[in-house]
Ligand SMILES: Nc1ncnc2c1ncn2[C@@H]1O[C@H](COP(=O)(O)OP(=O)(O)OP(=O)(O)O)[C@@H](O)[C@H]1O
Ligand SMILES: [Mg+2]
C-alpha cells in the first residue's frame, strides 16, 4: 500500500466544451495489477484512458502515472504545461491498444512492430528486429511477419497491435475494448494473449465487456457511469453480487 | 458433372448449352460504315493529299517539313528545356504544396492564415500573368535588389535583371503556382488518413513531424499520387506559357523556326508530336507509381498490362507467384484467413 501506484487518479474532471464527461474519478492501480473498467456507452471510459495516455488534457484534479503528473510539471508550487517532446517521451512509456487496431496499413506486421523502437528510441535495427520477432512469436504470429494488415484477420491484427505496443517496453498497458470489433470466434485468441500478459506481471487497465476475462485475471473491476465510479472491488464479488442498482442493471444486460 | 457434385456423391445431368439466335444490331454496322468513311477522308487529307506551295508540290500537312525539323537541334534543345522546367516546377510545387498543406492543417492560426492567403492569390490569378509578373514585374518594382538588415543598412545590392533571368522566373512562376494546387491535393490526402493512425502513432511516442513523415504522408500518397500525375502532365503542357518569359522551351523553339521559315502548321505539328510523346511516357509512369502505392491497401495487385499480355499468350491468367515476381517480389501472396487460429 505504501509503494508508488502505477496510476493514481484523484477527482479527475474532463469536459468537452459544455459536455462534462468525467465528473470526479478516483482510482488507484498498483504495479502488476489488472484493472477492468466497465460501464455503459458514453460513460467516459475511453476518455479516461486517453487522459492517462496524455491524448486528452484533464481540466481538474490530479492524475499521475508511476508517481509523475500527467501533462504537467510541478515547479515552485505551480503547474507548468509539458512541452510536446516531454509528452511524447511519457507516451512512449505507456502502451495503448485500440478497438479498431489502428495498425499502419502500409507496413508489414514486423515493420509495424519495429517502427517506434527504431524511430523513437533509436535502438539498433538488428536488435529491434530480433525483439520484434520474439514478440510476434509471443502472440503466435511468427509466420505472419511479412504480411500487411489487410492480409490478416481481425484477431491477428489485434495481436500484432499488442505486440507493437509491447515493443516499447511499456510499464503500463491500456486496452480500449480490444475485442469489440472482432468476430466472436476470434475473441479468444486475443484474450489469451492478454491473459498471458497479465500473468507475466504487466500492469493493465482494460476497458472490456468480456466479464469472463474480468473474473479470470482482473484484480479489480471498476464500474463507471455518467463520468463517475459507481462501484469497484474484487471482480468475483462485484460481478456476482453488485451492490448498486445501476451496476445490477448494466450487468444484467452484458452477462 | 462438376468436382463438387462428385464429392457430394450426387449425379446431376447437365442440360445441353443453349443455342439461341443472337440479337442483330444493324445500327452498329451503319455507324461503322460512316466512321470508316470519315477516317478514310481524314487519312487522305492528312497523309496523301498534295497541295502546291510556291513551286513545289507538298503534302497538305507538310510532313516533309515536319520530318526535317522533328529532330533539329533547336527543337531537341527546346524539349530538354521543357523537361527541365517540368521537373523543377513540379519539385518546387510538391515541396511547397506539402509545406502549405501542413501549414493549412496546423493548429497555429497564423500559419493556416498565411497558407490560405497564398492559395487565394495563386489560384485566383492566371498562370500566364504570374509568369509575366515574375519575368518583368520584379525588375520593374525592385530594380535594385539588396541584401541586408530589414529596414536597416544594405550589405550588398545587385540588379534584379541579372537575378531574374528568364529560366529562374519561369521556374519560380510555374513552381509557386503549382504549389497552390499541390497544397489542396496534399491536404485532401492527409485528411483521407484515418484519425486512428495519428492516435496510434502518438501513443507510441512518435512526435508530430515523425508521424507525418512515417505514418500519415505515406498513406496519403494513395490519394495524392493520381491527381499529382495529372498535375505533372498539366505542368508539362503549361511550360509552353514560359515563352512569355522568353525561355527557349519547346513552344518557343518551334515558334522561332516557324517565324523564320513561315512553316507554321508543320512546326506546330512538330511541337504536338513531342508533347504527345512526353505525356504518353508520363502516363505510363503514372500507372506504375499508382500501382506501387496501392501496396498494403489491396490484397492482390492487379496484373500489369505486360502480365495481362503474357497471360493472353499463355492462355491462362498469371499465377499470384508470377505476379509477385514481376512486381519486384516484395509482395506476399494472399492465402486467405488461415484456419487453425480459431
Ligand atoms: N473529442 C471529443 N469531443 C467532444 N465530445 C467527446 C469527445 N470524445 C468523447 N466525447 C463525448 O464524451 C462522452 C464519453 O465518451 P467516451 O468515448 O469516453 O465513452 P465510452 O465510455 O468510451 O463509451 P463507449 O462504450 O461507447 O466507447 C460521449 O458523450 C462522447 O460523445
Ligand atoms: Mg469507448
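Of the strands (runs of 3 or more DSSP E) lying entirely inside region A:5-112, the ones with 3 or more residues being within 16 Å of ligand 1 (Cβ to nearest atom), under 19 Å from the mean Cα position of the chain (by Cα) and buried (at least 19 other Cβ atoms within 10 Å of the Cβ) are found at A:7-16, A:19-29, A:34-38.
Taking the criterion of being closer than 19 Å to residue B:200 by Cα and away from ligand 2 (no atom under 13 Å from the Cβ), the residues of region A:37-70 that qualify are A:52, A:53, A:54, A:57, A:70. Of all the criteria given as (1) assigned to a helix (DSSP H, G or I); (2) facing chain B (nearest Cβ under 8 Å); (3) more than 21 Å from the chain's Cα centre (by Cα), the one not satisfied by residue A:129 is (2).
Looking at residue A:140, is it within 12 Å of chain B (Cβ to nearest Cβ) and in a loop (DSSP other than H, G, I, E, B)? So residue A:140 passes the test. The helices (runs of 4 or more DSSP H) found entirely in region B:182-263 that carry 1 or more residues being surrounded by fewer than 20 Cβ atoms within 10 Å (Cβ to Cβ), touching a residue at least 12 places away in the same chain (Cβ under 8 Å) and within 14 Å of chain A (Cβ to nearest Cβ) are B:195-203, B:217-238.
So, of the residues in region A:151-175 that are more than 10 Å from chain B (Cβ to nearest Cβ) and within 12 Å of the chain's Cα centre (by Cα), which turns out to be nearest to ligand 1 (Cβ to nearest atom)? Filtering first and then ranking leaves A:175. Taking first residues from region A:38-56 that are under 16 Å from residue A:91 (Cβ atoms) and more than 10 Å from every other protein chain (Cβ to nearest Cβ) and partners that are near ligand 1 (Cβ under 6 Å from one of its atoms) and not in a loop (DSSP other than H, G, I, E, B), the Cβ contacts under 7 Å between residues at least 6 apart in sequence or on separate chains come to A:56/A:47.
A single member of A:6, A:35, A:96 is within 14 Å of chain B (Cβ to nearest Cβ) and touching a residue at least 24 places away in the same chain (Cβ under 8 Å), and it is A:96. Take the residues of region A:181-212 that are within 16 Å of ligand 1 (Cβ to nearest atom) and more than 14 Å from every other protein chain (Cβ to nearest Cβ): which is nearest to the chain's Cα centre (by Cα)? Filtering region A:181-212 for residues that are within 16 Å of ligand 1 (Cβ to nearest atom) and more than 14 Å from every other protein chain (Cβ to nearest Cβ), the one nearest to the chain's Cα centre (by Cα) comes out as A:206. Determine, yes or no, whether residue A:238 is in a strand (DSSP E or B), more than 14 Å from every other protein chain (Cβ to nearest Cβ) and either in contact with a strand residue (DSSP E or B) (Cβ under 8 Å, 6 or more places away or on another chain) or away from ligand 1 (no atom under 16 Å from the Cβ) (or both). Here the answer is no, as residue A:238 does not meet what is asked.
Rule-based calculations on the coordinates, nothing more; no lab input. Computed from a prediction, not measured in an experiment: that's the story for all the values here. Cβ sites come from the backbone with ideal geometry, for glycine too, and all protein chains shown count toward neighbours.
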